[in-house]
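Have a look at the structure below, then the notes.
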Amino acid sequence: MQLQQLFSPSVQHTLDVIGIFVFAISGALLAVRKNFDVFGIGVMAEVTALGGGIFRDVIIGAVPPAAFTDLGYFITPLIAALVVFFLHPHVERIQSAVLVFDAAGLGLFAVSGTTKAYSYGLNLTASAALGLATAVGGGVLRDVLANEVPSLLRWDRDLYAVPAIVGATTVVLCIRYDALNPFTSGLAVVTAFVLRLLAMRYHWRAPRAWNRRSTVREE
Amino acid sequence: MQLQQLFSPSVQHTLDVIGIFVFAISGALLAVRKNFDVFGIGVMAEVTALGGGIFRDVIIGAVPPAAFTDLGYFITPLIAALVVFFLHPHVERIQSAVLVFDAAGLGLFAVSGTTKAYSYGLNLTASAALGLATAVGGGVLRDVLANEVPSLLRWDRDLYAVPAIVGATTVVLCIRYDALNPFTSGLAVVTAFVLRLLAMRYHWRAPRAWNRRSTVREE
Amino acid sequence: MQLQQLFSPSVQHTLDVIGIFVFAISGALLAVRKNFDVFGIGVMAEVTALGGGIFRDVIIGAVPPAAFTDLGYFITPLIAALVVFFLHPHVERIQSAVLVFDAAGLGLFAVSGTTKAYSYGLNLTASAALGLATAVGGGVLRDVLANEVPSLLRWDRDLYAVPAIVGATTVVLCIRYDALNPFTSGLAVVTAFVLRLLAMRYHWRAPRAWNRRSTVREE
């Protein structure tokens, strides 16, 4: 339990709200591109921002999920949806800034998701897996609702899962060696964040299956 | 807890079964249009009718969900699937009647979902949100399984979320001012129902994001 | 509770791991066909193999789900993903062998899912329904993530739901008549398995809605 107090509660809450806001922006922007109406924009903002955390809380049995008990968590995506609704050409123009914030959200959610899962009694591997799911789950739901192949799974997108995996793994290693504290947690967030920025800057991509073409060559 | 007894249990149960039946019809009809086989029709009927309620129950921790403990809730969609399987040209022909019942289901589920969420300790805002999710969740799952963009999110469909939001909001306002009783509950259902009928009659639609075209004009 | 000990724990665990492995192979193969990268292959393997069981455990309140507490369940899909990543042309070539194993997984999951649901207090009908969901849920999630119409629902695929339904129904009939033991359980698995093999061999398909063409003829 003490684990959850990595940062002071108010700092943790502020970080969560920032992560929720930027994820909501990405959901709302996709909704605009898909020509959804204002309610569609709101739903996409909520689902993208809160989907990963709701999945984590249902899995660990922390019901009702934080998204339904903390009014701030619920209202924040609606504000993001309104911002995009009225200002989306400007938000599009600062798309690269949005991606930087999204990278920060990815790191924050991977680390806080892993920590919360462990504090509910999951083993280290499962905690890291659930931290990853917290970080990427909302984006997968967003793409499924938009009827697109999840960006997470596509080979032609810059690495997204790896930074989250590194962040979550750093946390479980710190727990394993009894070294988890606000400093090492912050370091895990920053590592994931910087890795994601580098992946975008240098278009790092993951390999597809070996010998894909050989399926053609072989009869 | 007393809140759940807005109507006598048997009246409540009858209303629920009617809502489940009409939602199941909409799922089964889409399955026929997508050329699914008889099992696909049954699965689509079950998911559309029970998906929203199962989501609500998992979120509030009411497991196993009512859909798995009440045999009537489980059997009703199968009957709807059989009706559509054998009679679907006739069901299609009375499509407008189906839509009227679907509007009734929307109102019923929004109100009963909000009430149940509140009785499990959620705050007023979260209760209304979960009532909305109960009412529209099954339809979203239906469209995702059919590999279509959820009708709920599309701008070119008549208002669907707004009537449910109004119904759910009416309920939480009644709770807030200690005025929830069978009469005001019924009024909330009827309000949502009539709003949805008017939205269909006059093709009310929600606006899309402002300045959508400006993204083209701006370089 | 005793119900869960149909087989000795180690036998049960081995059967589960085999089922998980073959389902993971099917998810990973679809990921390769959709051109996903190595992480996409891993995610698809995990979701396909564990999705049905996670859904079942969330519904019956067995959280955290077994998939998150048993390291073997989590690692197995990753091994399947690696096998497909490096050897997929060979795996494709033995596609028919994969389908035979998948049929075995279908029978195993339908029977073990039904048994576990019943041991958590669900009634017989709900237990069979949840057994079916355990067996086919992962495949549905796999197809949704790949942005395809779930193979389960399509009329142009060989029967898949029916063998699982027969297996699950056999189990609840055995429970009803107090005849569930390792032998009858095994018989239910084998029945589902053989039915699925026959469905593939003779391309058994389920009917679509009656009078589909009449919608055209009638004005």
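The values are calculated or read from the model by the stated rules, or taken from the named source; none is laboratory data. The model shown is predicted, which means the values in this text are computed figures rather than measured ones. Glycine gets a Cβ as well: all are built from the backbone with ideal geometry, and neighbour counts include every protein chain shown. Each accessible area value is taken on the protein alone, full model and side chains, heavy atoms only, with ligands, DNA and RNA left out. Shrake-Rupley method; radii C 1.70, N 1.55, O 1.52, S 1.80 Å.
Neighbouring Cβ atoms from other chains, within 10 Å of the Cβ of residues in C:28-41, number 6 on average. Take the Cα of C:Val190, step 7 Å toward its Cβ, do the same at C:Asp178, and the gap between the two points is 2.6 nm.
Each helix, a run of at least 4 DSSP H residues, gives -39500 (n - 2.57); summed and divided by the residues of the protein assembly as shown, these come to -25000 deg cm²/dmol at 222 nm. Computed in the context of the full set of protein chains, the accessible area of the stretch A:2-205 at 1.4 Å probe radius has 68% of its extent on carbon or sulfur. Solvent exposure of the protein assembly as shown, expressed per residue, is 42 Å² of accessible area, with all protein chains present and a 1.4 angstrom probe.
Just checking the listed ones, C:Ile54, C:Ile175, C:Ile18: in the Gaussian network model of chain C with Cα springs under 10 Å, the one fluctuating most is C:Ile175.
Contact order for the stretch C:1-151, expressed relative to its length and based on alpha carbon pairs under 8 Å spaced 6+ residues apart, stands at 32 percent. Across identical copies of the chain, C:Val190 has label-point separations of 6.4, 6.4 nm, listed in ascending order, with the point defined 7 angstrom from Cα along Cα→Cβ. When chain A is treated as a Gaussian network with alpha carbon springs shorter than 10 Å, the biggest mean-square fluctuation among A:Gly72, A:Gly107, A:Gly27 belongs to A:Gly72.
Distances between copies at C:Tyr202, taken between label points 7 Å from Cα along the C-beta direction, are 6.0, 6.0 nm in increasing order.
Rounded if a/c is under 1.5, else prolate if a/b beats b/c, else oblate: with a ≥ b ≥ c from the C-alpha gyration tensor eigenvalues square-rooted, which is the protein assembly as shown? It comes out rounded by the Cα gyration axes. If R0 is 41 Å, the Cβ-Cβ spacing of A:Arg205 and B:Asp156 corresponds to a FRET efficiency of close to 0.70.
Residues considered: B:Thr134, B:Thr184, B:Thr76. Largest GNM mean-square fluctuation over chain B, using C-alpha springs under 10 Å, is found at B:Thr184.
Label-to-label distance, B:Ile18 versus C:Thr14, with points set 7 angstrom from Cα along the beta-carbon direction: 5.7 nm. Per-residue shielding of C:83-95, expressed as the average number of other chain Cβ atoms within 10 Å of the residue Cβ, stands at 3.
Inter-copy label distances at A:Leu87, shortest first and taken from points set 7 Å along Cα to Cβ: 5.5, 5.5 nm. Taking a spot 7 Å from the Cα of B:Leu99 along the direction of its beta carbon, which residues of the stretch B:138-169 have an amide N less than 12 Å from it? Backbone N within reach: B:157-160. How would the stretch A:84-219 be classified by its alpha-carbon gyration tensor: rounded, prolate or oblate, with rounded meaning a/c under 1.5 and the a/b versus b/c comparison settling the rest? Oblate.
If you bin every alpha carbon distance in the stretch C:2-205 into 5 Å steps from zero, what whole percent lands in each bin? The calculated distribution, bin by bin, is 1, 8, 16, 21, 21, 16, 10, 4, 1, 0.
Inter-chain neighbour count for A:146-152: the average number of beta-carbon atoms from partner chains within 10 Å of each residue's beta-carbon is 5. The stretch B:25-103 and the stretch C:40-114 have Cα centres separated by 28 Å. C:Met44 contributes an accessible area of around 0 Å² to the protein surface, as traced by a 1.4 Å probe with all chains present.
Extending 7 Å from Cα along the Cβ direction at B:Asn35 and again at B:Glu92 yields two label points whose distance is 1.4 nm.
For the interface of chains B and C, what total accessible area is buried with a 1.4 Å probe, rounded to the nearest 100 Å²?
Roughly 2600 Å² of accessible surface disappears when B and C pair.
Over 32 Å apart at the Cα level, from the set A:Lys34/C:Lys116; A:Lys116/C:Lys34; B:Lys116/C:Lys116; A:Lys116/B:Lys116; A:Lys34/C:Lys34, are A:Lys34/C:Lys116; A:Lys116/C:Lys34.
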